[in-house]
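Taken together, the values in this text are just the output of simple stated rules run on the coordinates, not laboratory data. Just so you know, these numbers come straight off a predicted model, no measurement behind them. Note that each Cβ is placed from the backbone with ideal geometry, even for glycine, and that neighbours are counted across all protein chains shown.
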2 protein chains.
Amino acid sequence: MKHTSVVEDYLKAIWGLQQIERPVATSRIAERLDLTAAAVTAMIKRLADQKLVRHEPYRGVILTPAGELSALRIIRRHRVLELFLTETLGYEWDRVHDEAERLEHAASDELIERLARLLGEPERDPHGSLIPTAEGTVDREKLPALPDLPVDAPAAVVEVRVQSPDRLRYLGSLDLFPGAEVMVREQAPFGGPLSVEVNGAARVLARELAEQILVRPASRDEPSGDASPAEDAPGKAGAA
Amino acid sequence: MKHTSVVEDYLKAIWGLQQIERPVATSRIAERLDLTAAAVTAMIKRLADQKLVRHEPYRGVILTPAGELSALRIIRRHRVLELFLTETLGYEWDRVHDEAERLEHAASDELIERLARLLGEPERDPHGSLIPTAEGTVDREKLPALPDLPVDAPAAVVEVRVQSPDRLRYLGSLDLFPGAEVMVREQAPFGGPLSVEVNGAARVLARELAEQILVRPASRDEPSGDASPAEDAPGKAGAA
DNA sequence: TTCAAGGTTTAAGGTAGTCTAAAAATCTCC
DNA sequence: GGAGATTTTTAGACTACCTTAAACCTTGAA
Ligand SMILES: [Mn+2]
Ligand SMILES: [Mn+2]
Ligand SMILES: [Mn+2]
Ligand SMILES: [Mn+2]
């Protein structure tokens, strides 16, 4: 039931990659964790021994239910910690990942649950990612990205799926935090940039970045979502 | 400049033992860290290679200035974290040590300084231990223990040098937190227990425990200390 | 002054995790 | 249905710790 921090990071990586492709290839894990493929193969064997993954040689791995549960518990830790760092300690949203990456292995369940209570049992981290419950469950949501929006349709930023501190800092300078009100004004052809209104201000944004910004279109009838319960705006964490 | 968590724990242990006896014997370190003497000898070699300790074979080790600086920085982390856990998250004072023991290795300097700011740049941890400065300095203070007090002389608890959660919990149930007002009423002979008044309530306390409770006698003229600046009562952290 | 007790170090071996280089399997594309 | 490219796994080594058992100092008491 208790794993090393290295194992925890592997599980987290595999879980994330699994959202894209199952089974997960050795090389995908290697590049995400910045290790050689040989190291990953060796670790995969240990994970399989511990019944955390199933491995088909030369084919890849998938998490077992036990592995997935552990992964989600670590992801919960990571995201709760990230939110604590921005909300309580005033970190910028581009600086929280590395800190949380280490703390997630040292914090006890009790600490995480106390932090979650302090933060009001939050649903999303500073980047808008859903925080798994303490029991290890998350909804799988498929939201449109900014370039998927029709022109002039209002929407709200929900999640910014960007890791790089540089990019996050840049997006922050454009006010593109979860909760921001956005509207696509124009999409340049041939994969060109988007003209977007963010909280009323006109911005131009590289398509590559825009694709990582997930939004919820404003429903025309009601101000909130139609089928889902009213969203609580996560509040722009650590604005510059 | 950056050490493994194991190295950090060795430095911390050696620093603490050095306050009692210099040089520090292999076996003292082994028992404090719950390791075999052989493991300690091996590690001492590595520490000496890194110029963190000086080792005289068969005699013991002492920290170099670099080693002491590192030790004090880790002790600062540990104590700031402990205070955060009691003050901000409502932990009891007997539960914070283990948690801090792990977090101290994962938290960045920036995190610790932000916590310290949040906590008002505190001077003492929940047990009353002095928190080294960010620069890595602490005053060495020698306070009397409870059994050193003359009968009927009022004093204030400053530090409770007890590790064991059981004992801490017990002392907490007697209100013996830093800041408590105490007065020894009677000392049973032959190493017997002490009768002590704690915040006005009569208590009986084993001498062994009383010896770990450091106090500052109230000066008869002024309510505060005479030479030192007024102490800020650390507030009874996590009272039951 | 010797010698045994007790603490310390060395020797040998183990686990977890990493790397490079080589071997093996799979994929791609003609 | 291969040949060659690409991935994956194996083999062999290395670092950081830890353990037990044996050898080695230091010391104090006879
Ligand atoms: Mn991590
Ligand atoms: Mn995040
Ligand atoms: Mn520690
Ligand atoms: Mn303490």
Please report, for B:Gln212, the nm distances (one decimal) from its label point, 7 Å out from Cα along the beta-carbon direction, to the equivalent points in the remaining copies, shortest first. 5.1
Considering the options A:Val184, A:Val6, A:Ala116, tell which one lies farthest towards the positive end of the dipole of chain A, charges being +1 on Lys and Arg and -1 on Asp and Glu at the Cβ, about the Cα centre. A:Val6
Kirkwood Rh and Cα Rg combined as Rg/Rh, the protein assembly as shown: 1.06
Distances from B:Leu119 to the same position in the other copies: list them in nm, one decimal, shortest first, using label points 7 Å from Cα along Cα→Cβ. 2.1
Once phi is turned into ³J(HN,Hα) by the Karplus curve 6.51 cos²θ - 1.76 cosθ + 1.60 with θ = phi - 60°, what whole-Hz value does each residue of the range B:199-211 show in order, with x for glycine and proline? 6, x, 9, 7, 9, 10, 9, 4, 4, 3, 6, 4, 5
Does anyone have the angle between helix B:37-49 and the longest principal axis of chain B? Alpha-carbon axes, 0 to 90°, nearest 10? 70
Table column - 3J(HN,Hα) (Hz), the range A:75-80, Karplus curve with 6.51, -1.76, 1.60, x for Gly and Pro: 5, 4, 4, 4, 6, 4
Tell me the angle of helix A:5-18 to the major Cα principal axis of chain A, expressed in degrees between 0 and 90 and rounded to the nearest ten. 50
If you keep only loop residues by DSSP, which trypsin sites (Lys or Arg not before Pro) in the range B:158-216 have at most 13 other Cβ atoms within 10 Å of their Cβ? B:Arg161
What is the angle, in °, between the Cα long axis of helix A:109-118 and the longest principal axis of the Cα atoms in chain A? Nearest 10 is fine, range 0 to 90. 10
Candidates B:Leu47, B:Leu143, B:Leu89: whichever shows maximal mean-square fluctuation once chain B is modelled as a Gaussian network with Cα springs under 10 Å: B:Leu89
Sorted by chain and then number, the residues having a modelled amide H within less than 5 Å of the amide H of B:Val198, at least 5 places away or on another chain, are B:Arg203
Scan chain B for the residue whose Cβ is closest to the axis carrying it onto chain A, then write down that distance in whole angstrom. B:Ala106, 2
Assume the label is 7 Å from Cα along Cα to beta carbon: what separations in nm does B:Val151 have to the matching positions in the other copies? 9.6
Averaged over A:96-109, number of beta-carbon atoms from partner chains that fall within 10 Å: 3
Just add up the charged neighbours of B:Ile62: K/R +1, D/E -1, any other residue whose Cβ is under 14 Å from the Cβ of B:Ile62. +2
Diffing the range A:25-33: the Karplus 3J(HN,Hα) column from phi (6.51, -1.76, 1.60, θ = phi - 60°), in whole Hz with x for Gly and Pro, holds 6, 3, 5, 5, 4, 4, 6, 5, 8
Per DSSP H run of n ≥ 4, the term is -39500 (n - 2.57); total these for chain B, divide by its residue number, and report the mean residue ellipticity at 222 nm rounded to 500 deg cm²/dmol. -12000 deg cm²/dmol
Let me know the longest stretch in chain A that avoids all chymotrypsin sites (Phe, Trp or Tyr not before Pro) found in a DSSP loop with at most 14 other C-beta atoms within 10 Å. A:59-189
What is the distance in Å between the Cα centroid of the range A:82-158 and that of the range B:147-192? 45
Find the eigenvalues of the gyration tensor of the Cα atoms of chain B, then list the square roots of 5 times those eigenvalues as equivalent ellipsoid semi-axes, largest first, in whole angstrom. 33, 21, 17
